[in-house]
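The values are calculated or read from the model by the stated rules, or taken from the named source; none is laboratory data. All of these numbers come straight from a predicted model, not from anything done at the bench. Cβ coordinates were reconstructed from backbone atoms using ideal geometry, including for glycine residues, and neighbour counts include every protein chain displayed.
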Amino acid sequence: MSSSTAAAPQGFDNHIAGRMHAAASGETFESFNPVTGALWGRFARSGAEDADRAVKAAQSAFDGPWAKLSPTRRGRLLMKWGELISAHAEEIARVETQQNGKLYAEMFAQAKAALEWLYYFGGLADKVEGAVIPLERPSVLNYTLPEPLGVVAVLTPWNSPTFLTVMSVAPALAAGNTVVIKPSEVTSASILRLAQLADEAGFPPGVVNVITGDRVAGEALVDHPGVAKVSFTGGDAAGRAIASRAGQRLVGCLLELGGKSPNIVFADANLDQAEAGVLAGIFAAAGQTCVAGSRAYVHRDVYGELKDRLTARAQKLVVGDPMLATTQMGPVATRAQLAKDQQMVERAVAEGAQLLCGGTRMRLPQHPDGFFFAPTILGVEGRDNYISHNEVFGPVLGLTPFDDEDEVVALANGTRFGLAAGVWTRDLARAHRMARRLQAGTVWINMYRALAFNSPFGGYKESGLGRQNGIESIRQYLQTKSVWCELSEEIQDPFVLKT
């Protein structure tokens with residue numbers, strides 16, 4: 001199985017209320033296969049008119065057929081959708097690999113995992129409960145009603161399209177909202193396929209809508225008066241801009257943003273385990289994941305040994321066609337990302353980093369025009385190098401020695417990000433002490449890059465707002481109504497506030 005097979009570019013339109021619609025302007029944009037560099041598909045370039053059409057379709061579904069379904073029935077539809085996505089996992093994974101260049105095996109596993117997320121939130125749909133509030137006045141019944149918000153705009157990235165879209169959409173739908181999804185222009189095809197499968201599962205038209213396009217389409221959704229909440233996964237700069245725009249309308253945002261996650265290896269760690277974890281944390285997805293362990297801090301007692309081991313292994317990684325089972329790392333997703341990787345490595349070296357391996361574009365004989373960047377490790381002393389504080393989103397690891405726990409905590413926490421962190425040690429007390437001291441939404445101990453549908457995930461500091469996964473996530477798509485009812489025949493004084 002290879003992604004190098006030439007094929008005519010495909011054409012894709014928006015998916016609104018169960019039907020396909022070309023962009024109102026008639027304009028399209030192009031998507032390229034990062035393995036071959038060839039044109040892969042053309043997509044509708046949506047604008048404000050398309051966003052308006054999608055939001056109105058979602059609002060109509062929210063007010064009508066979706067609201068009439070019981071929470072249990074909505075949950076069953078989510079489960080059916082998960083089953084269909086799982087059944088089409090091979091097709092979805094192939095499309096995603098052709099669009100973003102990530103390993104087919106990983107895209108397949110993520111498409112399969114969508115079933116677990118949709119089963120969990122499908123089961124949670126009818127577990128959303130209010131409360132009866134005990135008051136001093138026994139004649140008054142006061143209770144709360146958790147209610148959905150309305151139309152949720154979901155803006156998703158290109159690195160794990162199906163998986164991250166489902167993570168965002170599942171709790172929103174389980175809470176009773178409808179959605180308009182604007183996928184990354186790099187990976188729109190698989191999300192359009194998800195919408196078609198939602199139709200097949202029996203979702204009423206308008207519950208799940210997809211418009212494709214660039215920043216213009218995303219901004220039109222964020223600005224639309226019919227959108228009640230925005231969910232965005234992507235870079236911190238875009239997240240700040242979206243939150244600012246949404247804030248003008250006093251609309252809430254759930255933001256899962258960038259990271260510069262530290263992987264911390266203490267001298268007592270199992271070095272075989274740590275070596276595998278550090279490598280997988282940065283190179284398994286070519287560094288194109290928000291939780292990439294792009295900073296490795298290694299205790300000075302084992303720094304030399306682990307540096308040599310990591311460098312040797314990185315240079316032996318099999319880089320190539322992500323559709324092949326033997327490939328360990330594929331290309332980066334776009335030409336722009338390829339250029340960014342090169343520029344950031346060059347700047348790091350200019351600021352004093354030592355290039356231990358990689359650092360350049362790879363021209364593979366089979367795919368000379370592919371967007372391949374060599375697995376790169378930089379020796380970075382201290383904390384002032386630009387690359388130690390800014391996200392690369394490519395296969396670039398900064399390796400830094402440290403001498404004690406206080407020093408490495410200061411190094412690890414010394415960025416504006418706080419999405420994830422890894423700790424490698426056999427000392428149980430130290431492990432849990434570090435978990436408390438690290439400013440990160442997720443801390444992995446003697447493991448890395450794991451998520452579960454029932455465990456909350458999100459960032460500290462500029463890595464985001466809110467949490468995905470688990471019970472916490474569904475609450476973020478609800479609003480609470482307080483209902484008061486006087487049960488007695490008492491005549492109330494209209495000028496006195498009752499307490």
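Within the range 15-39, restricting attention to residues that are hydrophobic (A, V, I, L, M, F, W, C) and surrounded by 19 or more Cβ atoms within 10 Å (Cβ to Cβ), the residue that is farthest from P204 (Cα to Cα) is V35.
Test D268 against the stated conditions and say whether it is over 30 Å from L155 (Cα atoms) and assigned to a loop (DSSP other than H, G, I, E, B). Judged against the criteria, D268 is a match.
For the range 452-473, the set of residues classified as surrounded by fewer than 17 Cβ atoms within 10 Å (Cβ to Cβ) and either free of Cβ contacts under 8 Å to residues at least 12 places away in the same chain or of a type in the set (A, V, I, L, M) (or both) consists of A452, I471, listed by residue number.
When V332 is tested against the conditions (1) more than 23 Å from S31 (Cα to Cα); (2) β-branched (V, I, T); (3) under 29 Å from the mean Cα position of the chain (by Cα), the lone failure is (1). When V298 is tested against (1) part of a helix (DSSP H, G or I); (2) surrounded by 18 or more Cβ atoms within 10 Å (Cβ to Cβ); (3) out of contact with any Ser or Thr (no Cβ under 7 Å at 6 or more places or on another chain), just one condition goes unmet, and that condition is (1).
Note on the range 236-254: residues that are under 14 Å from the mean Cα position of the chain (by Cα) and either of a type in the set (F, W, Y) or over 21 Å from V210 (Cα atoms) (or both) total 1.
Among residues of the range 71-108 being of a type in the set (A, V, I, L, M, F, W, C) and farther than 21 Å from N33 by Cβ, the one that is nearest to the chain's Cα centre (by Cα) is I85.
Scanning the range 299-312 for any residue that is farther than 30 Å from A237 by Cα and touching a Cys at 6+ places or on another chain (Cβ under 6 Å) turns up at least one such residue. Considering G281, G258, G287, G277, the condition of being in contact with a Gly (Cβ under 6 Å, 6 or more places away or on another chain), of a type outside the set (A, V, I, L, M), assigned to a helix (DSSP H, G or I) and crowded, with 22+ Cβ neighbours inside 10 Å is satisfied by G281 alone.
Looking only at the range 27-46, residues that are more than 17 Å from Q98 (Cα to Cα) and assigned to a strand (DSSP E or B) come to 2 in all. Restricting the range 100-137 to residues that are assigned to a loop (DSSP other than H, G, I, E, B) and in contact with a Lys or Arg (Cβ under 9 Å, 6 or more places away or on another chain) leaves a set whose member that is surrounded by the most Cβ atoms within 10 Å (Cβ to Cβ) is V128. Just to verify a result, which residue in the range 392-405, among those that are in contact with a Phe, Trp or Tyr (Cβ under 7 Å, 6 or more places away or on another chain) and not hydroxyl-bearing (S, T, Y), is surrounded by the most Cβ atoms within 10 Å (Cβ to Cβ)? Here the answer is P395. Taken over the range 360-386, the criterion of being crowded, with 22+ Cβ neighbours inside 10 Å and among the hydrophobic types (A, V, I, L, M, F, W, C) is satisfied by F371, F372, F373, I377, L378, V380.
Scanning the range 457-479 for residues that are assigned to a loop (DSSP other than H, G, I, E, B) and either among the acidic types (D, E) or farther than 16 Å from W117 by Cβ (or both) turns up G459, Y460, G466. Screening S482 on (1) under 30 Å from A170 (Cβ atoms); (2) part of a loop (DSSP other than H, G, I, E, B) shows it passes everything except condition (2). As a summary of the residue check, G370 satisfies the conditions (1) out of contact with any Leu (no Cβ under 9 Å at 6 or more places or on another chain); (2) over 27 Å from E462 (Cβ atoms) except for the one numbered (1). Have a look at G226, G202, G235, G176 and point out the one that is in contact with a Phe, Trp or Tyr (Cβ under 9 Å, 6 or more places away or on another chain), closer than 23 Å to R74 by Cβ and surrounded by fewer than 22 Cβ atoms within 10 Å (Cβ to Cβ). Just one listed residue meets the conditions, G202. For I181, the test of being within 24 Å of the chain's Cα centre (by Cα), free of Cβ contacts under 8 Å to residues at least 60 places away in the same chain and part of a helix (DSSP H, G or I) is failed.
The condition of being of a type in the set (G, A, S) and under 30 Å from N33 (Cβ atoms) holds for only one of A429, A374, that being A374.
Being aliphatic (A, V, I, L, M), assigned by TED's automatic domain parsing to the domain that holds S184, in contact (Cβ under 8 Å) with a residue 40 or more places away in the chain and part of a strand (DSSP E or B) is a property that A243 lacks. For L145, the stated conditions do not hold, so it cannot be described as surrounded by 15 or more Cβ atoms within 10 Å (Cβ to Cβ), among the aliphatic types (A, V, I, L, M) and within 29 Å of A243 (Cα to Cα). Does the range 72-79 include one or more residues that are basic (K, R), within 19 Å of S188 (Cβ to Cβ), touching a residue at least 60 places away in the same chain (Cβ under 8 Å) and touching a Phe, Trp or Tyr at 6+ places or on another chain (Cβ under 8 Å)? Within the range 72-79, none of the residues are basic (K, R), within 19 Å of S188 (Cβ to Cβ), touching a residue at least 60 places away in the same chain (Cβ under 8 Å) and touching a Phe, Trp or Tyr at 6+ places or on another chain (Cβ under 8 Å).
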